[in-house]
Amino acid sequence: MKIPYYHVDAFTSTPFAGNPAGVCVLEAWLPDETMLGIAAENNLSETAFLVEGEGHYALRWFTPVTEVDLCGHATLASAHVVFRHLGHAGPVVRFESKSGSLPVAQENEILVLDFPARPGEPCDAPAALREGLGCEPVETYRARDYMAVFATQAEVEALDPDMALLKEVVSLGVIATAPGDEVDFVSRFFAPTVGIPEDPVTGSAHCTLIPYWSARLDKQVLHARQVSARGGELYCQDAGERVRIGGRAVTYLTGEIQL
């Protein structure tokens with residue numbers, strides 16, 4: 001069996017930046033253990049698997065250790081593959097996923113994700129989160145992930161987390177965020193519980209980040225940056241129960257997986 005495979009850097013316009021994702025184009029679903037094996041072999045934060053349907057693509061995402069319910073950068077990478085490599089002619093491609101219908105629009109060179117908003121609820125920071133980050137947040141919120149809010153971008157950039165402690169936090173991941181020096185807000189994302197110590201750029205985290213910063217800054221349209229080592233740029237909009245997350249993508253590699 002030969003599976004068309006694409007390695008795409010998402011939320012960037014240049015190679016070696018943003019968040020790399022694998023995209024596998026399937027004719028039908030493979031067994032879950034096979035897809036998980038491919039994701040583990042790729043050893044990227046996520047590998048996406050696409051199956052074309054009637055007017056849409058079914059989409060699933062796997063980290064090296066588990067399937068996840070939502071992934072932004074691998075959805076952006078998948079849309080890039082559909083538009084750039086599979087010849088999709090319309091302005092929008094629709095993905096069906098465990099998080100429902102996820103349209104992605106092509107607006108000039110920007111691909112715009114339409115995702116469900118996941119506002120966080122204020123909460124006390126668990127001890128493992130405070131000790132794992134090594135810095136006391138100003139505020140803490142909980143949705144799918146914990147979100148730790150800090151006073152400055154410099155504090156977020158200086159974090160050197162203890163991944164063993166963060167692995168004890170009962171959530172998919174931990175978002176660290178603060179006001180940006182040159183953008184509206186910055187963030188980093190740590191998810192050692194699902195095999196991702198630090199994710200370079202995390203679209204799904206912005207389902208929680210955007211509602212928070214939109215309310216705090218009283219702005220619907222926001223410019224964000226994930227300040228990981230690779231870094232990434234995101235164009236955000238609060239649309240109530242949905243959020244719009246825009247970014248660029250670039251193909252690094254095309255080939256075939258042989259099973």
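Which is the longest part of the chain that has none of the chymotrypsin sites (Phe, Trp or Tyr not before Pro) sitting in a DSSP loop with at most 15 other Cβ atoms within 10 Å?
Longest site-free region, per DSSP loop and neighbour criteria: 30-259.
Using 0.36 nm times the number of residues separating Asn43 and Cys135, minus their current alpha carbon distance, what extension gain do you get?
The span from Asn43 to Cys135 would gain 30.2 nm if fully extended.
Taking Cα pairs under 8 Å and at least six residues apart, what relative contact order does the chain come out at, in percent?
Taking the mean separation of contacting Cα pairs over the length of the chain, I get 23 percent.
Using the Karplus curve 6.51 cos²θ - 1.76 cosθ + 1.60 with θ = phi - 60°, work out ³J(HN,Hα) for each residue of the range 182-191 in order, rounded to whole Hz, and write x for Gly and Pro.
10, 10, 5, 7, 10, 7, 9, 9, 10, 9
Grab the DSSP H runs of the chain that are 4 residues or longer, score each as -39,500 (n - 2.57), total them, divide by all residues and round the 222 nm result to the nearest 500 deg cm²/dmol.
-5500 deg cm²/dmol
Can you list the GluC sites (Glu not before Pro) in the range 227-259 that are in a DSSP coil and have 13 or fewer other beta carbons within 10 angstrom?
Here the sparse-neighbourhood loop sites are Glu241.
Determine, from the Cβ-Cβ distance of Ala154 and Lys2 and an R0 of 41 Å, the FRET efficiency 1/(1 + (r/R0)^6), rounded to the nearest 0.05.
Given R0 = 41 Å and the Cβ-Cβ separation, E is 0.25.
Taking loop as defined by DSSP and a crowding limit of 16 other beta carbons within 10 Å, which GluC sites (Glu not before Pro) in the range 111-219 fit?
Passing both the DSSP loop test and the Cβ count: Glu168, Glu182.
What is the calculated FRET efficiency for Arg84 to Glu182, with r their C-beta to C-beta distance and R₀ = 22 Å, to the nearest 0.05?
Between Arg84 and Glu182 the formula returns 0.15.
So for the range 166-259, averaging the separation of alpha carbon pairs under 8 Å that are six or more residues apart and normalising by length, what relative contact order in percent results?
Contact order relative to length: 21 percent.
Just subtract the alpha-carbon distance of Ala105 and Val92 from 0.36 nm times their residue separation and send over the number in nm, one decimal.
Extra length available between Ala105 and Val92 comes to 4.2 nm.
For the range 145-259, give me the percentage of DSSP beta bridges that are antiparallel, rounded to the nearest 5 percent.
Antiparallel bridges: around 75 percent, rounded to the nearest 5.
Stretched out fully, how many nm does the piece from Ala164 to Leu217 gain, at 0.36 nm a residue minus the Cα gap?
Extending this stretch completely gives an extra 15.7 nm.
Coordinate-derived values only; no laboratory data. This one's a predicted model, so the numbers in the text were calculated from it and none came from an experiment. Please note: Cβ atoms are built from the backbone with ideal geometry, for glycine as well, and neighbour counts cover all protein chains shown.
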